[in-house]
1. Check whether at least one residue in segment 105-116 is away from the ligand (no atom under 16 Å from the Cβ), part of a loop (DSSP other than H, G, I, E, B) and closer than 19 Å to W18 by Cα, and report yes or no.
2. All but one of (1) more than 20 Å from H7 (Cβ to Cβ); (2) touching a residue at least 60 places away in the same chain (Cβ under 8 Å); (3) part of a helix (DSSP H, G or I) hold for R40; state the number of the condition that does not hold.
3. Of everything in segment 43-85, what is part of a loop (DSSP other than H, G, I, E, B) and within 8 Å of the ligand (Cβ to nearest atom)? Give them in sequence order.
4. If P26 satisfies all but one of (1) in a loop (DSSP other than H, G, I, E, B); (2) buried (at least 20 other Cβ atoms within 10 Å of the Cβ), what's the number of the condition it fails?
5. If you scan segment 125-145, which residues turn out to be free of Cβ contacts under 8 Å to residues at least 60 places away in the same chain and surrounded by 13 or more Cβ atoms within 10 Å (Cβ to Cβ)?
Amino acid sequence: MLVSSAHKGETNIMTMGWHMIMEFEPSLVGCYIWSENHSRELVRQSKECVINLPTADMAAKVVGIGICSGRDTDKFAKFRLSAEKGAKVVAPLISECYANFECRLHDASLVNKYSLFVWEVVKAHVAQSPHYPRTLHYRGDGEFMISGTNTRRYRRLFKPEML
Ligand SMILES: Cc1cc2nc3c(=O)[nH]c(=O)nc-3n(C[C@H](O)[C@H](O)[C@H](O)COP(=O)(O)O)c2cc1C
């Protein structure tokens, strides 16, 4: 994912492989944002961010964004990405991404110990097509998995109330 942020007129983007769903209602997402990252200060101060879902064709940019810092680089300019105004947060959406989740900080109590920010998604934007975009999933050690085949073959095994 790409995390975009803004504080006092400055905007930034970082790459994030470590994240997880934490709750349905409210919609909570946990994100690891390590202390050496400039983004950490921006999201800490502003208490907002946008989590953007890039597609596989953006892979080189995703890595590039994750190996330089907003301390000395304007990443929107360097990676030719468009900052779009959000509906509920000041942090910009990245237009080129398939989906954008506007977030407000829900719980910062695990930040000092685990670098874990718990965000509430307050607005979601998702492209109409394709239905299943090709997305990147970071496996570590410089390796990505690119999303592939979908199956509903096992759907009948679920309890109805789970669907
Ligand atoms: C594939 C990939 C995954 C990454 N995942 C994370 C992550 O989950 N959390 C994190 O804090 N940094 C992660 N990083 C590192 C940051 O993206 C990187 O330190 C970035 O330069 C921070 O930018 P900033 O200083 O402008 O905030 C990742 C980098 C790459 C390339």
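Only the coordinates and a few stated rules stand behind these numbers; no lab work does. Since the model is a prediction, treat every value here as computed from it, not as a measurement. Backbone-built Cβ (ideal geometry, glycine too); neighbour counts: all protein chains shown.
1. Of the residues in segment 105-116, the ones away from the ligand (no atom under 16 Å from the Cβ) are 106-107, 109.
If we keep only those that are part of a loop (DSSP other than H, G, I, E, B) as well, we get 109.
Among the residues that remain, those that are also closer than 19 Å to W18 by Cα are: 109.
The answer is yes, given that some residue of segment 105-116 is away from the ligand (no atom under 16 Å from the Cβ), part of a loop (DSSP other than H, G, I, E, B) and closer than 19 Å to W18 by Cα.
2. (1)
3. Quick first cut of segment 43-85, residues part of a loop (DSSP other than H, G, I, E, B) only: 47, 54, 66-74, 79-82, 85.
Matches in segment 43-85: G66, I67, C68, S69, G70, R71, T73.
4. If we test P26 against (1) in a loop (DSSP other than H, G, I, E, B); (2) buried (at least 20 other Cβ atoms within 10 Å of the Cβ), just (2) comes out false.
5. Scanning segment 125-145 gives H125, A127.
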